[in-house]
1. When only residues in segment 44-59 that are at pLDDT 95 or above and buried (at least 19 other Cβ atoms within 10 Å of the Cβ) count, which is farthest from ILE81 (Cα to Cα)?
2. Scan segment 26-35 residue by residue and report those that are more than 9 Å from the chain's Cα centre (by Cα) and surrounded by 16 or more Cβ atoms within 10 Å (Cβ to Cβ).
3. Which residue is nearest to GLU25 (Cα to Cα), if the candidates are limited to segment 40-70 and must be more than 13 Å from the chain's Cα centre (by Cα) and assigned to a loop (DSSP other than H, G, I, E, B)?
4. Count, please, the residues in segment 15-25 that happen to be in a helix (DSSP H, G or I), more than 11 Å from the chain's Cα centre (by Cα) and not basic (Lys, Arg).
Amino acid sequence: MRVLLFCFIMILVACIGGSTDKEIEKELDPTVRVAAPGVVMTIKSGVVTFSGTCPDESCRHTIETNAKKTRGVKEVVNNIIISTPPAPAAVVDTPVKN
């Protein structure tokens with residue numbers, strides 16, 4: 001009877017347990033690739049760390065929010081920086097010679 005109870009508890013714990021890092025990566029990877037190809041994601045023990053660049057704050061926020069909603073994620077470390085657009089080219093007026 002004790003063996004049966006032990007097996008039941010082990011199965012219950014396995015079902016309730018969080019997702020593995022590979023499962024988290026599988027779920028988040030397509031979203032990150034589409035939203036921000038310049039972002040790299042690492043996962044260790046349920047802690048998701050993002051680094052790289054996003055074009056704007058909305059992109060950065062969306063990636064973080066999606067990660068926090070993902071089953072098994074314990075913490076999100078968002079090191080994404082917003083890439084600044086290149087400065088406009090300087091216009092130089094050259095006097096026209098007649």
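1. Among those residues, the one meeting the criterion is VAL48.
2. GLU27, ALA35
3. Step one: of segment 40-70, the residues more than 13 Å from the chain's Cα centre (by Cα) are 45, 55-58.
Now narrow it down to the ones that are assigned to a loop (DSSP other than H, G, I, E, B): 45, 55-56.
Values: SER45: 12, PRO55: 22, ASP56: 23 Å.
Looking at residues that are more than 13 Å from the chain's Cα centre (by Cα) and assigned to a loop (DSSP other than H, G, I, E, B), I get SER45.
4. So the first thing to find is which residues in segment 15-25 are in a helix (DSSP H, G or I), and the list is 15-16, 21-25.
Checking which are more than 11 Å from the chain's Cα centre (by Cα) leaves us with 15-16, 21-23.
Keeping just the survivors that are not basic (Lys, Arg) gives 15-16, 21, 23.
Count: 4.
The values are calculated or read from the model by the stated rules, or taken from the named source; none is laboratory data. Small disclaimer: the values here were computed from a predicted structure and weren't measured. In this analysis, Cβ positions are derived from the backbone assuming ideal geometry, glycine residues included, and neighbour counts consider all displayed protein chains.
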